[in-house]
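Engineer: Can you keep this structure in mind? I'll have questions shortly.
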Amino acid sequence: MKISAAARLKKRFFYGVIAFLLPALVFAQESYITQNAEEGAFALASASELPSIYLNTEDFKGVKLVAEDLSQDIERVTGRLPQIDSTGEISAKTAIIVGTLGKSPLIDQLAGNGKLDVSEIVGNWENFSIQVVENPMPNVEKALVIAGSDKRGTIFGMYDVSEEMGVSPWYWWADVPAKKADEIYVKSGKFTDGSPKVKYRGIFINDEAPALSGWIMENFGGFNSQFYEHVFELILRLKGNYLWPAMWGRAFYDDDPKNPKLANDYGIVIGTSHHEPLMRAHAEWGKYGEGPWDYTKNKENLQEFWRKGMERMGDNESLVTIGMRGDGDEPMSEGTAINLLENIVADQRQIISEVTGKPAEETPQVWALYKEVQDYYDQGMRVPDDVTLLLSDDNWGNIRKLPNPEEEPREGGYGIYYHYDYVGGPRNYKWINTTQISRVWEQMNLAYDFGADRLWIVNVGDIKPMEYPISFFLDFAWNPEKIAAEDLRDYTVNWAAEQFPQEYAEETADLLLTYTNYNSRRKPELISPETYSLNNFNEADKVLKDFDTLEEKAENVYSKIPQEYKDAFYQLVLFPVKASANLNRLYIAAAKNKLYAEQGRASANEYADKVEEYFKKDAELTDYYHHEMADGKWNHMMSQTHIGYTYWQQPEQNNMPEVTRIDVPQDAAMGVTISGSEKSWPEASGSAKLPILSPYSNQEAKITIFNKGQEELKYKIKNKKDWLQLSSEKGTVTDNQEITVNVDWKSAPKGTTEVPLTIKGPGRTKVEVIVPVHNNPAEADISGYVESNGYISIPATGYSEKSEGENAWQEIPNLGKTGAAMSSGEMQPGQEFTEDNPYLQYEFYAFESGKVEVEFTLSPSLDFLDRGGLRFAASIDGKEPKILNLQEDTEDDWNTSVANNATRVTASFDLEAGGNHSLKIWAVDPGIVIQKILIKTGEVGDSYLGPPESVKVE
């Protein structure tokens, strides 16, 4: 039965309520593997028992291949290798029996005589059952039976046992050691993981040079079956089933004829990317094609080319890509050639039918609505109902289109093509993991809710270093209903515990979540010396402090973790933390070098040295990854260039940011800068004026005295107010001296006061700094977030009130720039706004009346239902709500939004008086994700991350 997207949304709400009412079982489920000889348990390996693995020769070859993996996994854990017996005869008292229903006489016999309950798996897709069976057959006292409903069901059952007993799916790809145990048992009972909710789940190996290609050529000599065997095993261990193979200059079928045979043996479904029709790799056209890649001019040759692709595919389980794009992943034409593409699809389906000897609809097919191809669909082009429509994100993790809930469901269903890696504007991002699984959850959860559940595939670049988000993508695809937003941290803790000893799981999870949060602020390839403000909100130094703290924590775990885990920890955690921290230090040092050189600071040259040091450090980290970690196993894997981008395409090599060195005079000379200003004194005219200090200020006020000479600089600050506290009032400066300014609020006069400070330096140099102090009356009714220096900054999760019930706003942790975000979630699409819609309410305090501008920072979601934009509504103090549109009420274009990983929507409101106020936000459309709210009552200095959270009075 086909279920519409609208019905799916209602069904998801029902299950959400049930999940809320039931105990949280998602990650707390007790493993069916134990190291204790419990009553009724089956010994996989014990001091007295090491049962053999029994299967039938009639079973699938992939089952036999994975049975060998299971045997080796038991040895990895216990040091003892079980034998494999495929004769079908069992004479031992205990046995591990593996097989597929309908293919294994052993399994069919057990099911037929009532010894094995297969009622939950029979006829299902990729389902397995793990059962401890007493007296399954004569002379056998006990057996562990791993039965599959189909080939992959059996394979997943074996790999599930491996994972539960302590062998990570990343044991080879990330050198994760197995969890050692002298004895392992399977508890009495029956265990299953159901059937996957998404039918096809896989990865796309893309952008594979220079990293993956260099590594492969060194280790395998090419993209051959020896390499792909590791890929197939990884996908299956992660309970995936689908692969788009490497394609830039690669040809899966042509590079090694064993590739497709091995894939089919394992049960990996092979497809081709969005611009490679009928199982032909793009690289093959240059080798075998004749004439132009143009259907209007070269129809016969293209048809023959595709026909050979289908003939070569044979009976291999495949998803056949149909349609056509231009040569080299480009648009096919300048216009939208609907008639032409419809004819191409019809001709391709005719080829499929002729070659397979059966109706075209019996061969699974995919039409990828990628980039301009979606325009064809939006303008009316359709393909037969059996074809899966593969919808896409915008290459930056924002889904472009989802099924229309009002349309009839398709027989072929819908899928999603997602990206963790991309080559294209506004910049490539390929070097390191920048994916927040919370954003993947939010977007793919929407996709599932709207019925895109036939196929999920993610572009993972070179596989490494995307290990953590790959695991999440495939785990989530198995059952999106099993992982709720509030489970995301638990998921990460659980993942960390699978890779490392349990006692480090919490710390490791925090590191994974935090570094991906920092990297998603702005992808490394997009960072420049201009990214973070050196003057406003102490932003650049806060970024440095964040990374310093993170790196210190990572180093601390690395120092404690057992030696055998250090290689895995380095590649999965420590390298991305250290490399990301170092890159941010590099660009911020370059920014300081430039500014300090312009100001004539003696320390400008010190920062030029730092830039060189950090640039060298980047190469050293990479060199360790390539040549020392894991004894050089992963050489080339981190060779993607990432420093010195000047446009969308990567530089040929890493290029150090330019630095400026200045001649520093011998004599000391004083300069002064202050928080919130780009100027320096005494060169700048007039007095320097700090931001207003108040009991509700949310940032430090600093005066920086810097030296322009080689000799030590002596300074003295004249301060006439005892209640104005300076961290230093006199001293000597070699390069820079920061002085914090604080107020004793009990002693300070009420109201507004401006305190002049006079800073005296060498000779007759004087700089006057004005300190504005606003000591607000202690008003008992102040509540909420309080205005300071022209703004109120509110995190999305800082609401005072929230509606409950169906479609309520949902918190998504570790999403956005403030640590968590609020999503409008599962709103029914197309409904009109009423004040009964789900709402969030925020309390704030402004000191004066007047017009304010409210800037909403939102995740850059797209108009995935093509209804004219995603809407929400807002009102202050119960006034007429304003309907705001994420796509229309913003000045940020798409390039700006994806580069910033946020879109800003602004609206003006009037405050009739100073005092307490309420901002109310209503959900109108699904897909709205609020990260932050900024209420501007005056001028606010520019910064990338925006003002820090305002002080909140409860």
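Engineer: Step by step: first the residues of the range 673-690, then only those that are touching a residue at least 12 places away in the same chain (Cβ under 8 Å) and among the hydroxyl-bearing types (Ser, Thr, Tyr), then the one that is surrounded by the most Cβ atoms within 10 Å (Cβ to Cβ). Which residue is that?
Structural biologist: For the range 673-690, the residue satisfying everything is 673.
Engineer: Restricting to the range 37-76, count the residues that are touching a residue at least 24 places away in the same chain (Cβ under 8 Å), outside any strand (DSSP E or B) and closer than 27 Å to residue 170 by Cβ. Give the derivation first.
Structural biologist: The first filter runs over the range 37-76 and keeps only residues touching a residue at least 24 places away in the same chain (Cβ under 8 Å), leaving 37-47, 49-63, 65-67, 69-70, 73-74, 76.
After this cut, where a residue has to be outside any strand (DSSP E or B) as well, the list is 37-41, 46-47, 49-52, 55, 57-63, 65-67, 69-70, 73-74, 76.
From the residues that got through so far, the ones that are closer than 27 Å to residue 170 by Cβ too are 50, 55, 60-63, 65-67, 69-70, 73-74, 76.
So the answer is 14.
Engineer: Could you grab the pairs with beta carbons closer than 6 Å, sequence gap of 6+ or different chains, first residue in the range 691-717 and assigned by TED's automatic domain parsing to the domain that holds residue 754, second one surrounded by fewer than 21 Cβ atoms within 10 Å (Cβ to Cβ) and basic (Lys, Arg)?
Structural biologist: Taking only residues 6 or more apart or on different chains, the pairs are 716/730; 716/760.
Engineer: Determine, yes or no, whether residue 248 is farther than 24 Å from residue 125 by Cα, hydrophobic (A, V, I, L, M, F, W, C) and at pLDDT below 95.
Structural biologist: Details: farther than 24 Å from residue 125 by Cα: yes; hydrophobic (A, V, I, L, M, F, W, C): yes; at pLDDT below 95: yes.
Judged against the criteria, residue 248 is a match.
Engineer: Can you find, within the range 583-602, the residue that is farthest from residue 541 (Cα to Cα) among those that are crowded, with 23+ Cβ neighbours inside 10 Å and small (Gly, Ala, Ser)?
Structural biologist: 602
Engineer: Can you find, within the range 87-117, the residue that is nearest to the chain's Cα centre (by Cα) among those that are surrounded by 18 or more Cβ atoms within 10 Å (Cβ to Cβ) and farther than 21 Å from residue 66 by Cα?
Structural biologist: Per the stated criteria, the residue is 116.
Engineer: Just for strands (runs of 3 or more DSSP E) wholly inside the range 852-923: which have at least 3 residues that are closer than 30 Å to residue 391 by Cα and either in the same structural domain as residue 796 (by TED's automatic domain parsing) or among the charged types (D, E, K, R) (or both)? It would help to see each step written out before you state the result.
Structural biologist: Details: elements: 871-876, 882-885, 903-911, 915-923.
The qualifying strands (runs of 3 or more DSSP E) are 871-876, 882-885, 903-911.
Engineer: Quick check on this structure: which one of 171, 242, 159, 228 is crowded, with 21+ Cβ neighbours inside 10 Å, in contact with a Pro (Cβ under 8 Å, 6 or more places away or on another chain) and within 24 Å of residue 423 (Cβ to Cβ)?
Structural biologist: Among 171, 242, 159, 228, only 228 is crowded, with 21+ Cβ neighbours inside 10 Å, in contact with a Pro (Cβ under 8 Å, 6 or more places away or on another chain) and within 24 Å of residue 423 (Cβ to Cβ).
Engineer: For the structure I just gave you, tell me whether residue 546 is more than 16 Å from the chain's Cα centre (by Cα), within 18 Å of residue 932 (Cβ to Cβ) and surrounded by fewer than 20 Cβ atoms within 10 Å (Cβ to Cβ).
Structural biologist: yes
Engineer: Here's a check for you: in the range 266-311, which residue that is of a type in the set (A, V, I, L, M, F, W, C) and under 30 Å from residue 233 (Cβ atoms) is surrounded by the most Cβ atoms within 10 Å (Cβ to Cβ)?
Structural biologist: My answer is 278.
Engineer: Here's another thing I want to ask about it. Of all residues in the range 833-851, how many are surrounded by fewer than 19 Cβ atoms within 10 Å (Cβ to Cβ) and either acidic (Asp, Glu) or in a strand (DSSP E or B) (or both)? Reasoning before the result, please.
Structural biologist: Within the range 833-851, the subset surrounded by fewer than 19 Cβ atoms within 10 Å (Cβ to Cβ) is 833-836, 841, 847-851.
Pick out the ones that are also either acidic (Asp, Glu) or in a strand (DSSP E or B) (or both) and you get 835-836, 841, 848, 850-851.
Selection size over the range 833-851: 6.
Engineer: From the list 798, 805, 819, exactly one residue is buried (at least 16 other Cβ atoms within 10 Å of the Cβ), at pLDDT below 95 and in the same structural domain as residue 882 (by TED's automatic domain parsing). Which is it?
Structural biologist: 819
Engineer: For the range 896-936, which residues satisfy the criterion of being of a type outside the set (A, V, I, L, M, F, W, C) and closer than 22 Å to residue 438 by Cα? Even if it seems obvious, please write down each step before you answer.
Structural biologist: First pass over the range 896-936, keeping only residues of a type outside the set (A, V, I, L, M, F, W, C): 896-897, 900-901, 903-904, 906, 908, 910, 912, 914-918, 920, 925-927, 931-932, 936.
If the condition is that a residue be of a type outside the set (A, V, I, L, M, F, W, C) and closer than 22 Å to residue 438 by Cα, then 896, 897, 900, 901, 903, 904, 925, 926, 927, 931, 932 are the ones that fit.
Engineer: To continue, here is another question. Looking at (1) surrounded by fewer than 19 Cβ atoms within 10 Å (Cβ to Cβ); (2) over 25 Å from residue 529 (Cβ atoms); (3) outside the structural domain of residue 768 (by TED's automatic domain parsing); (4) not polar (S, T, N, Q), can you tell me which one residue 661 breaks?
Structural biologist: Residue 661 satisfies all of (1) surrounded by fewer than 19 Cβ atoms within 10 Å (Cβ to Cβ); (2) over 25 Å from residue 529 (Cβ atoms); (3) outside the structural domain of residue 768 (by TED's automatic domain parsing); (4) not polar (S, T, N, Q) except (2).
A quick yes/no check of all residues on (1) surrounded by fewer than 24 Cβ atoms within 10 Å (Cβ to Cβ); (2) closer than 30 Å to residue 384 by Cβ:
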position: 414; (1), (2): yes, yes
position: 417; (1), (2): no, yes
position: 421; (1), (2): no, no
position: 425; (1), (2): yes, no
position: 435; (1), (2): no, no
position: 446; (1), (2): yes, yes
position: 451; (1), (2): no, yes
position: 456; (1), (2): no, yes
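Engineer: With touching a Lys or Arg at 6+ places or on another chain (Cβ under 8 Å), of a type outside the set (Lys, Arg) and buried (at least 16 other Cβ atoms within 10 Å of the Cβ) as the only criterion, which of 344, 399, 322 stands out?
Structural biologist: 322
Engineer: Condition (residue is hydrophobic (A, V, I, L, M, F, W, C), more than 30 Å from the chain's Cα centre (by Cα) and under 27 Å from residue 200 (Cα atoms)) applied to the range 259-280: is it met by at least one residue?
Structural biologist: yes
Engineer: Exactly one condition in (1) surrounded by 16 or more Cβ atoms within 10 Å (Cβ to Cβ); (2) in a loop (DSSP other than H, G, I, E, B); (3) modelled with pLDDT of 95 or more is false for residue 667; which is it?
Structural biologist: Here residue 667 meets the rest and fails (1).
Engineer: Ok, one more. Looking only at the range 613-653, which residues are surrounded by fewer than 17 Cβ atoms within 10 Å (Cβ to Cβ), within 27 Å of residue 522 (Cβ to Cβ) and not hydrophobic (A, V, I, L, M, F, W, C)?
Structural biologist: Matches in the range 613-653: 613, 616, 620, 623, 624, 646, 647, 649, 651, 652, 653.
Engineer: Also, quick follow-up: Would you check if residue 197 is surrounded by fewer than 23 Cβ atoms within 10 Å (Cβ to Cβ), within 27 Å of the chain's Cα centre (by Cα) and not in a helix (DSSP H, G or I)?
Structural biologist: Judged against the criteria, residue 197 is a match.
Engineer: Go through the range 215-241 and give me each residue that's of a type in the set (Gly, Ala, Ser), within 18 Å of residue 461 (Cβ to Cβ) and assigned to a helix (DSSP H, G or I).
Structural biologist: If the condition is that a residue be of a type in the set (Gly, Ala, Ser), within 18 Å of residue 461 (Cβ to Cβ) and assigned to a helix (DSSP H, G or I), then no residue fits.
Engineer: Checking the condition surrounded by fewer than 22 Cβ atoms within 10 Å (Cβ to Cβ) and small (Gly, Ala, Ser), which residue from 485, 496, 477 passes?
Structural biologist: 485
Engineer: Going through the range 348-380 one residue at a time, which ones are part of a loop (DSSP other than H, G, I, E, B), at pLDDT below 95 and crowded, with 18+ Cβ neighbours inside 10 Å?
Structural biologist: 370, 371
Engineer: Counting just the residues of the range 141-168 that are touching a strand residue (DSSP E or B) at 6+ places or on another chain (Cβ under 6 Å) and of a type in the set (A, V, I, L, M), which one comes out farthest from residue 96 (Cα to Cα)?
Structural biologist: 165
Engineer: Among the numbered conditions (1) touching a helix residue (DSSP H, G or I) at 6+ places or on another chain (Cβ under 6 Å); (2) farther than 25 Å from residue 628 by Cβ, tell me where residue 507 comes up short.
Structural biologist: (2)
Residue-by-condition table, conditions (1) in contact with a Pro (Cβ under 8 Å, 6 or more places away or on another chain); (2) hydroxyl-bearing (Ser, Thr, Tyr); (3) within 23 Å of residue 210 (Cβ to Cβ):
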site: 598; (1), (2), (3): no, no, no
site: 611; (1), (2), (3): yes, no, no
site: 616; (1), (2), (3): no, no, yes
site: 619; (1), (2), (3): no, no, yes
site: 623; (1), (2), (3): no, no, yes
site: 636; (1), (2), (3): yes, no, yes
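Engineer: Same structure again: Could you look through the range 519-562, keep only residues that are part of a helix (DSSP H, G or I) and β-branched (Val, Ile, Thr), and pick out the one that is nearest to residue 940 (Cα to Cα)? If you could, list the steps in order and put the result at the bottom.
Structural biologist: Looking only at the range 519-562, we keep the residues that are part of a helix (DSSP H, G or I), and these are 519-521, 524-526, 539-560.
Next cut, β-branched (Val, Ile, Thr) only: 543, 549, 557.
Working: 543: 19, 549: 28, 557: 40 Å.
So the residue we want is 543.
Engineer: Further question on the same structure: What is the one condition in (1) modelled with pLDDT of 95 or more; (2) over 18 Å from residue 56 (Cα atoms); (3) more than 38 Å from the chain's Cα centre (by Cα) that residue 143 does not satisfy?
Structural biologist: That leaves (2) as the condition not met.
Engineer: While we're here: Please count how many residues of the range 748-804 are among the aliphatic types (A, V, I, L, M) and more than 43 Å from the chain's Cα centre (by Cα).
Structural biologist: Kept after step one, since they are among the aliphatic types (A, V, I, L, M), are these residues of the range 748-804: 748, 755, 757, 759, 767, 769-771, 773, 778, 780, 782, 786, 792, 794, 796.
Those left that are additionally more than 43 Å from the chain's Cα centre (by Cα): 748, 755, 757, 759, 767, 769-771, 773, 778, 780.
Adding up the residues that qualify gives 11.
The values are calculated or read from the model by the stated rules, or taken from the named source; none is laboratory data. All values derive from a computational prediction rather than experimental measurement. Neighbour counts are summed over all protein chains in view; Cβ atoms, including those assigned to glycine, are modelled from backbone coordinates with ideal geometry.
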